[in-house]
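To start, the structure itself, in structure tokens.
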Amino acid sequence: MKYADICLRFCMVPLRKYLESCGCDPDLIALIRLIARQMDPIRKAFLENQTYEYSLNASGELQAQMDTWADAHLIRVVGESGLVRELASEEQEHIIRFDNSRREYAMVMDPLDGSSLISTNLAVGTIVGIYEKGGVLQPGSKLKAAFYTLFGPLTVLVVSVGKGVQSFAWDSESEHYVMLRESFTVPEGKQYGTGGVRNEWLPAHTKIIEFFDKEGFKVRYSGSFVADCHQLLVYGGIYSYPGSAKSPTGKLRLLFEANPLGYIIIQAGGRITDGEKNILDIIPEKPHQKTPIYIGSKGIIEKIEEIYSLS
Ligand code: F6P
Ligand code: MN
């Protein structure tokens, strides 16, 4: 079936048309669509790349074959695009510079978030943040666009260019993304997920979890940040990965995980905090900087900040 036919068949807006209707720079549209299209080869590569490497990334985590495959693939494609001046990847120790690029976009990415779940065939995805210019060490509030993809039954792309949040699904027949949902508002759901080890939590985090349990919240935690955030985008609630005495800044990375998802969830009316402040206001000092994270429904995040302020 032809691309035009599929749009007619489903009355769905294609990704390109949607981005054009937002008034995005044509090069930004080209960059988002270019990366989004790589989800097809990335999805296909899972079958032959099911194992884990004997290597560690810059944060000391075991790399899956797919982590390094997706990372190398995206670096090559982004480099060849001529659109990106600086690229920081969760799988690369150092910032990559493309000095000959014709545009100055700066891009941060987690090529495959949740990769410890590959061997369990649960949902994983790619996270991307794009700054217009000025390098990758900028606060998340300066992002021009952010998106993530999720490999579930569908390959879904969730994007914000500062005009709310929209989702698109990859149609493998027409080889285009078509709109699934034109807007999201994070509801005040009653579910939570928390990382870390209970007997290592700091007192404020323990109080927060006690509060959720008292209020009858359900537990939802898959081990894939991008999948858990997608769930709270739809149903509300929160995802958290707190700091601990052993690891005061927690596990998640400011640039590659917290900022792009925070940008998207705030665009959908939700919030993100490290317990004390909006994570998007943090000025990064280094690419692999970590932060404690609470992300989700506005009312719950306000309650969490209140508990922190009293602890
Ligand atoms: O990238 C970090 C990550 O894999 C997240 O996707 C996920 O939420 C978290 O780590 C899981 O960590 P843990 O296995 O400690 O619960
Ligand atoms: Mn990750």
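The values are calculated or read from the model by the stated rules, or taken from the named source; none is laboratory data. Just so you know, these numbers come straight off a predicted model, no measurement behind them. Counting neighbours? That spans all protein chains shown, and the Cβs are built from the backbone with ideal geometry, glycine included. Protein only, heavy atoms only, side chains kept; ligands, DNA and RNA dropped before computing areas. Shrake-Rupley method; radii C 1.70, N 1.55, O 1.52, S 1.80 Å.
What the table shows:
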| quantity | calculated |
| --- | --- |
| Whichever residue in the stretch 229-242 is over 21 Å from ASP110 (Cβ atoms) and in contact with a Ser or Thr (Cβ under 7 Å, 6 or more places away or on another chain) and, among such residues, is nearest to ligand 2 (Cβ to nearest atom) | GLY237 |
| Evaluation of PRO242 against (1) in contact with a Pro (Cβ under 6 Å, 6 or more places away or on another chain); (2) under 19 Å from VAL128 (Cα atoms) (one fails), failing number | (2) |
| Boolean, SER116 is touching a residue at least 24 places away in the same chain (Cβ under 8 Å), closer than 25 Å to LYS286 by Cα and hydroxyl-bearing (Ser, Thr, Tyr) | yes |
| Residue within the stretch 136-152 that is of a type outside the set (D, E, K, R), touching a His at 6+ places or on another chain (Cβ under 9 Å) and either outside any strand (DSSP E or B) or surrounded by fewer than 17 Cβ atoms within 10 Å (Cβ to Cβ) (or both) present | yes |
| Residue among THR185, THR249, THR194, THR206 that is open to solvent by 70 Å² or more (accessible area, probe 1.4 Å), among the polar types (S, T, N, Q) and modelled with pLDDT of 95 or more | THR185 |
| Members of the stretch 111-122 that are more than 9 Å from ligand 1 (Cβ to nearest atom), under 17 Å from PRO153 (Cβ atoms) and buried (at least 21 other Cβ atoms within 10 Å of the Cβ) | ILE118 |
| ILE130, sole failed condition from (1) away from ligand 1 (no atom under 16 Å from the Cβ); (2) at pLDDT below 95; (3) under 28 Å from SER222 (Cα atoms) | (2) |
| Scope the stretch 78-95; condition surrounded by 15 or more Cβ atoms within 10 Å (Cβ to Cβ) and assigned to a helix (DSSP H, G or I); matching residues | VAL78, GLY79, SER81 |
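Quick grid of which residues meet (1) away from ligand 2 (no atom under 16 Å from the Cβ); (2) part of a loop (DSSP other than H, G, I, E, B):
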{"residue": "ALA227", "(1), (2)": "no, no"}
{"residue": "GLU257", "(1), (2)": "no, no"}
{"residue": "GLY269", "(1), (2)": "yes, yes"}
{"residue": "GLU285", "(1), (2)": "yes, yes"}
{"residue": "TYR294", "(1), (2)": "yes, no"}
{"residue": "GLU302", "(1), (2)": "yes, no"}
